[in-house]
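First comes the structure, then the notes that go with it.
What follows is calculated from the coordinates using simple rules that are stated; it is not laboratory data. In this text, all values refer to a predicted model and were calculated from it rather than measured experimentally. Glycine gets a Cβ as well: all are built from the backbone with ideal geometry, and neighbour counts include every protein chain shown.
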Amino acid sequence: MNNEDKYKTLLKHIHTNLLKERGFKKDNQSFRLTKEVNGGYYGCILNFQKSAYNDKTALKFTINTGRKFSRDKIPDNFKVYDCRIPDDYVRLASVSSKYGFDKWWSVTSETDMTELEKEITELIEDTAFAWFGF
């Protein structure tokens, strides 16, 4: 399995095993949840961003997060950059107590994908869900 296929499988597993049960919908490399709250709307997004400098030896990626509040219904395909209020668009690793900096993960032929999935899942559970407010 090449690095791109490993990466796609990682995203599929994260969606199936963690995000789908919370109501997140997958759209390519983004996972979104929108809901009505107190007469308004709330949306949150996890976006996996691949590096522009990937090659056959390594696929690097980071995770962007965003949250959006609106009186109007939020489109199902909103983007991270639509979350324009300061502090409502961040790199997930930079707000975590484990990292605290802009982290880029690598998928290579040596990557233990089970461990990588566990690390990303724990980061989402411990940091993103709390940041999203649930």
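In a Debye calculation with equal point scatterers on the alpha-carbon sites of the range 72-134 and no solvent, what is log10 I(q)/I(0) at q = 0.24, 0.28 Å⁻¹?
At q = 0.24, 0.28 Å⁻¹ the computed log10 ratios are -1.12, -1.24.
Under a Cβ-only charge scheme (Lys and Arg +1, Asp and Glu -1), can you give me the dipole magnitude of the chain about the Cα centre, in debye to the nearest 20? Show your work: numbers first, answer last.
Values: 22 positive and 20 negative charges, 94 e Å.
Charge dipole of the chain: 460 debye, to the nearest 20.
Give, in nm to one decimal, the length gained when the segment between Asn17 and Lys103 is fully stretched (0.36 nm per residue of separation minus the Cα-Cα distance). Write out the running numbers ahead of the final one.
Numbers: separation 86, 0.36 × 86 = 30.96 nm, distance 2.28 nm.
Here the answer is 28.7 nm.
Of the cross-linked pairs Lys12/Lys98; Lys73/Lys103; Lys68/Lys98; Lys35/Lys56; Lys25/Lys60; Lys8/Lys73, which ones have a Cα-Cα span greater than 28 Å in the structure shown?
Lys73/Lys103; Lys35/Lys56; Lys8/Lys73
Using +1 at the Cβ of each Lys and Arg and -1 at the Cβ of each Asp and Glu in the chain, identify which of Ala130, Asn2, Gly39 lies farthest towards the dipole's positive end.
Gly39
Which one of Val95, Phe48, Asn77 is farthest out on the positive end of the charge dipole of the range 3-132, using unit charges on Cβ (Lys, Arg +1; Asp, Glu -1) and the Cα centre as origin?
Asn77
What is the log10 of I(q)/I(0) for the range 1-102, computed with the Debye formula using one identical point scatterer on each Cα and no solvent, at q = 0.16, 0.19 Å⁻¹?
-0.77, -1.03
Compute the long axis of helix 3-14 from its Cα atoms, compare it with the longest principal axis of the Cα atoms of the chain, and write down the angle in degrees, 0 to 90, nearest 10.
In the chain, helix 3-14 runs at an angle near 40 degrees to the longest axis.
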